[in-house]
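Take a look at the structure below.
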Amino acid sequence: MTSAKHGERPVMTARSRQAAGWALQGMALASAMLLISAVSPVVAADSVGKVLLSTGQTQARAADGTVRPLARRDAVVADDTLETAADSQLQVRMIDNAIIALTPESVFQLKTYQFNAQRPQDGQAFMELVKGGMRTLSGQIGKSDPASYQLETPVASIGIRGTHYQLLYCDLRCARDFNSQEGLAGGVYSGAIGIRPHGANSQEQVVSSPHFFFIDRHTGRLTLLDVPPPMLRGLVPAGDVSAEVQRMLDTGVLPVRGDHLSQPEVLSKEPCDRCSGSSNTNTSSNETPVAD
């Protein structure tokens, strides 16, 4: 920009005009980024799943510690820790069409979740059940390479072989309530899971359907059961398990508790290739989600 006498309009050179243009673009970009971050905390991250059902108080805790409440159609991202309060439930459909259902007072971390429909063999899912219980119907990840799927718990590591299974971490309070040891209770309703208890020299043990099991946290001993352990009773599917699994595959239904089978929650069968978007209200406990 050339100097100007008093009262004259400054004359901008081509270089100064270009510099001013870059400055304006930079300010506009910065303003847009601030606006995006203020409107939605998950826009900048890749969605790995979509909430199908949220009752009570449920939330996602991001890697940086920020917390956001979850409602139906909300997105979840890798590194999110999903949390449910007492009398609360959460169901999420993942990008590979797996379904994860959390019981009340649960904490579940999505450490790594990657899937590309064009290269399903490259998918990876590494998760952790920190507290509480879950049921899941596995999706595409792990079908071609079981090593690409791993679920950690305080008691054991879980792998899959095309599976519908359930886990409940029985902590000290649970052990007192059910006159049991602390440990991991579970049931396999379709397929099989590989279980490797934590501890030195532990070997993977395969549990196939229809079986239940309990792993003592202190000894690492796995006990195979034909009936559900006490802490799982009332949570397992009622009636014919194989018929229930087929009904889920046909209709997209994943009851969280066995007593929901008479009026199960209907989940969306829509593949989760558009897992963004949000809803402002949670689904109340007496509402039935409908297909999108």
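The values are calculated or read from the model by the stated rules, or taken from the named source; none is laboratory data. Please read all numbers here as calculations on a predicted model, not as lab measurements. Note that each Cβ is placed from the backbone with ideal geometry, even for glycine, and that neighbours are counted across all protein chains shown. Keep in mind that these areas ignore ligands, DNA and RNA; they rest on the heavy atoms of the full protein, side chains included. Shrake-Rupley method; radii C 1.70, N 1.55, O 1.52, S 1.80 Å.
A few notes on this one:
- Top-ranked residue in region 131-162 [being in contact (Cβ under 8 Å) with a residue 24 or more places away in the chain and of a type in the set (A, V, I, L, M, F, W, C); ranked as nearest to L82 (Cα to Cα)]: M134
- Output for region 127-155, where each listed residue is buried (at least 24 other Cβ atoms within 10 Å of the Cβ), modelled with pLDDT of 95 or more and either farther than 24 Å from G220 by Cα or over 14 Å from the mean Cα position of the chain (by Cα) (or both): T153, V155
- Residue satisfying all of: in region 118-142; in contact with a Gly (Cβ under 9 Å, 6 or more places away or on another chain) and of a type in the set (A, V, I, L, M); nearest to D171 (Cα to Cα) among these: A125
For (1) in a loop (DSSP other than H, G, I, E, B); (2) of a type in the set (G, A, S); (3) more than 18 Å from D46 (Cα to Cα), each residue gets a yes or a no:
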residue: R73; (1), (2), (3): yes, no, no
residue: L82; (1), (2), (3): no, no, no
residue: D96; (1), (2), (3): yes, no, no
residue: A101; (1), (2), (3): no, yes, yes
residue: E105; (1), (2), (3): yes, no, yes
residue: Y113; (1), (2), (3): no, no, no
residue: Q118; (1), (2), (3): yes, no, no
residue: A125; (1), (2), (3): no, yes, no
residue: L129; (1), (2), (3): no, no, yes
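- Of residues in region 58-71 being among the aliphatic types (A, V, I, L, M) and assigned to a loop (DSSP other than H, G, I, E, B), the one farthest from L110 (Cα to Cα): A71
- Looking across region 176-195, the residues that are within 9 Å of M231 (Cβ to Cβ) and either open to solvent by 10 Å² or more (accessible area, probe 1.4 Å) or touching a Ser or Thr at 6+ places or on another chain (Cβ under 9 Å) (or both) come down to D177, F178, S180.
- Looking across region 44-77, the residues that are free of Cβ contacts under 8 Å to residues at least 60 places away in the same chain and open to solvent by 30 Å² or more (accessible area, probe 1.4 Å) come down to A44, A45, D46, Q57, Q59, R61, A63, D64, G65, T66, V67, R68.
- Residues (open to solvent by 50 Å² or more (accessible area, probe 1.4 Å), aliphatic (A, V, I, L, M) and over 25 Å from L184 (Cβ atoms)) located in region 83-126: A117
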